[in-house]
1. So for segment 70-212, considering every pair of alpha-carbon atoms, how many percent are separated by more than 28 Å?
2. By how many degrees, between 0 and 90 and to the nearest 10, does the Cα long axis of helix 343-358 differ from the longest principal axis of the chain?
3. In which sequence would Arg209, Arg26 go, from the one with the fewest C-beta neighbours within 10 Å to the one with the most?
4. Report relative contact order for the chain in percent, whole number only (criteria: Cα-Cα under 8 Å, sequence separation at least 6).
5. Please compute the net charge surrounding Pro104, taking Lys and Arg as +1 and Asp and Glu as -1 over other residues with Cβ under 14 Å from its Cβ.
6. Considering only the other residues whose Cβ falls under 14 Å of the Cβ of His27, what net charge follows from Lys and Arg at +1 and Asp and Glu at -1?
7. With no solvent and one equal point scatterer per Cα, compute the Debye intensity ratio I(q)/I(0) for segment 23-106 at 0.16, 0.20, 0.24 Å⁻¹ and report its log10, rounded to two decimals.
8. What ranking, highest mean first, results for peptides 188-194, 10-16, 51-57 when packing means the other Cβ atoms within 10 Å averaged over each residue?
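Quick note: the coordinates plus some simple rules give every number you see, no bench work behind them. Just so it is clear, the model here is predicted, and its values are computed rather than measured. When we count neighbours, we look across all protein chains shown, and the Cβ atoms used for this are built from the backbone with ideal geometry, even at glycine.
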Amino acid sequence: MVYNHHCRPDAPTRRLARQGVDALRRHFGTTADVAARAPGRLEVLGAHTDYNEGFVTAIAIERATVVVAARRPDRLVRAWSPWGDWRDYLAGVCAELAAEGCVPGGADVAIVGDVPVGGGVSSSAALEVACAVALSSLAGCTLGPERLALLCQRAENEYVGMRCGILDQFTSVFGRPERVMWLDCRTREHRLVPMAGMSARFVVCDTNRPRELVGSAYNERRAQCERAAQVLGVRALREIDSATLRARAGELDATLLRRARHVVSENERVQAGVAALERGDAVVLGELINASHLSLRDDYQVSCPELEAMRAAALDAPGCLGARLVGAGFGGCVMALVEEECVGEFVPQVESSYRQATGLEPSIFATGAADGAGIVATD
């Protein structure tokens, strides 16, 4: 059996599928055989913990990438997208599928979507996963969801050069509506935590200050964490708690101590956040989100002036319970937890405040937890 989770046919998915079908016909003169959708992701708590074998919580967002494909009689893969630097992602997925014994064969491919690119909500994982679902389905291969997610992670690690953990791809595959995914990045154990009827929405506030992860300090931060774990004599920083780190702080230089302190405290915030979700306690969840941002800013040092301006605007707006940068940092998006009845007032105020502070035009949208990757209808 192929990976055959079928996405709910909501209006945005139908619109993107139609765009992909039209693009395939217009650019290649071919008719779609399959379409696949994969969402971006929003980490609730657990920034930079995944590659430290730690814990994360995240949702699949309501914005997604759709890949529409038609079979070819040869081995050529031709692709079109309105985006820019996507070729390595598709090539990496094709190569990893072949390494798994799933040879995609020839295909004409159209890639469309509405996930912000370079915004910290993992447009790259959405692209990889949607490509993998479409091409493996076209080839009739047997791929379970975890195998699919790991394959896409390898494509990003090996072909793009981004040493990401498994958070992004797992969330894009396993996300479900009204659920927050908790993931142990060492064991890959995961579960879906109900949001307990919280009357709050996640609002993604894109600074429109893009960053290129491979060229940023992301890989440097990962290397620093690995060095801290080595000095402390553990496989990964997940094995250290706050009390142990305080007792052994003198073994690390100032930089490594800051990096380790963020990872250790963030793992603890993840577990506290799950408890808050299960209680339906949005106030405590907001406090944990705020603490996460301060740790990212001060200990992990991945913020920037635009992210700070966006967060300040969010915290000043009605109904904001907490706000933090998401993704790798160095630009991209701030996530705010906002009381549902205030979202309509929150968005325009933050847009205006951020515009005045930076001169940049933001992109802001609210999202709930959405469905994970799957096959979508093309008619």
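1. That tail contains 22 percent of the Cα-Cα pairs.
2. Once rounded, one gets 80 degrees.
3. Arg26, Arg209
4. 26 percent
5. Taking every other residue near Pro104 into account, the sum is -2.
6. That sum, taken over residues with Cβ under 14 Å, equals +2.
7. For segment 23-106, the Cα-only Debye profile gives -0.84, -1.09, -1.26.
8. In decreasing order of mean packing, 188-194, 10-16, 51-57 become 51-57, 10-16, 188-194.
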